[in-house]
Amino acid sequence: MPSTLQDSLVSQLKFAHDRVLELIDDFPDEQAFFQSAPTDGHLLWTLGHLAITNEWLMSKICANGSPVTLDKAWQPLFGFGSVVRTEPNLYPELATVRGQFDTSHAEFVNVISSLNDDQLLDPAPADRSGGHIPTAAAAAGIKAWHDGWHAGQLSSLRKALGLARVMDG
């Protein structure tokens with residue numbers, strides 16, 4: 001059982017990230033642009049979106065901005081309000097996107113792990129989110145929830161493709 005707020009947050013982040021990893025582990029690369037409906041995010045978009053959201057969250061809680069700086073061209077592809085497209089030539093390679101997804105998550109966990117419980121509850125130094133991210137602890141909770149939200153979407157894509165379930169319960 002976690003003994004500190006930091007331990008609890010890191011545990012939640014790990015749980016959410018591990019669920020995404022389970023869902024993408026055997027996802028066929030050739031299905032990276034599969035959508036079960038035109039409004040769905042596909043695998044590549046989802047991973048890019050999670051990476052860019054991780055960067056955005058870190059930019060709100062780190063005094064000097066995010067330790068991960070993604071290519072500015074990623075914002076219109078994966079950021080808030082982006083339109084999911086199915087043309088592979090519009091996007092970076094899946095391996096690149098996956099690498100940035102993994103890196104941005106690891107850096108986010110490093111940021112949270114570097115803060116003690118008091119610092120996690122201090123006002124976020126760079127919060128320009130309209131009050132949605134008042135503290136680093138709130139950012140961690142939002143990230144875990146956001147990862148879980150998109151894990152559900154990835155699970156639906158797996159089901160539509162006839163891939164095996166990864167969670168029973």
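Quick notes on this structure:
- Region 140-164 - residue that is under 14 Å from ILE24 (Cβ atoms) and outside any helix (DSSP H, G or I) and, of those, modelled with the highest pLDDT: LEU163
Every residue, every condition in (1) without any contact (Cβ under 8 Å) to a residue 12 or more places away in the chain; (2) exposed (fewer than 14 other Cβ atoms within 10 Å of the Cβ); (3) within 22 Å of LEU5 (Cα to Cα); (4) charged (D, E, K, R), yes or no:
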| position | (1), (2), (3), (4) |
| --- | --- |
| GLY48 | no, no, no, no |
| ILE52 | no, no, no, no |
| PRO76 | yes, yes, no, no |
| SER104 | no, no, yes, no |
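- Matching residues, region 1-23, being over 17 Å from LYS143 (Cβ atoms) and either surrounded by 19 or more Cβ atoms within 10 Å (Cβ to Cβ) or in contact with a helix residue (DSSP H, G or I) (Cβ under 7 Å, 6 or more places away or on another chain) (or both): THR4
- Residue within region 85-94 that is within 25 Å of ILE133 (Cβ to Cβ) and more than 16 Å from the chain's Cα centre (by Cα) present: no
- If you go through region 53-73 and keep only what is part of a loop (DSSP other than H, G, I, E, B), closer than 17 Å to SER113 by Cβ and either among the hydrophobic types (A, V, I, L, M, F, W, C) or modelled with pLDDT of 95 or more (or both), you end up with CYS62, ALA63, VAL68.
- For region 64-74, the tally of residues that are in contact (Cβ under 8 Å) with a residue 24 or more places away in the chain and under 23 Å from ASP29 (Cβ atoms) stands at 2.
- Close pairs from region 6-32: first closer than 16 Å to GLY148 by Cβ, partner assigned to a helix (DSSP H, G or I) and of a type in the set (Lys, Arg), Cβ under 7 Å, at least 6 apart: LEU13/LYS143; LEU23/ARG158
- Residue check for ALA137: of a type outside the set (D, E, K, R), out of contact with any Asp or Glu (no Cβ under 7 Å at 6 or more places or on another chain), in a helix (DSSP H, G or I) and closer than 13 Å to LYS14 by Cα: no
- Selection count, region 30-52, where residues are assigned to a helix (DSSP H, G or I) and over 22 Å from GLY130 (Cβ atoms): 9
- Taken over region 75-104, the criterion of being of a type in the set (Phe, Trp, Tyr) and part of a helix (DSSP H, G or I) is satisfied by PHE78, PHE101.
The values are calculated or read from the model by the stated rules, or taken from the named source; none is laboratory data. Note that the coordinates shown come from a computational prediction; the quantities given were computed from them, not determined experimentally. With ideal geometry, Cβ positions are generated from the backbone for all residues, glycine too; neighbour counts draw on all protein chains shown.
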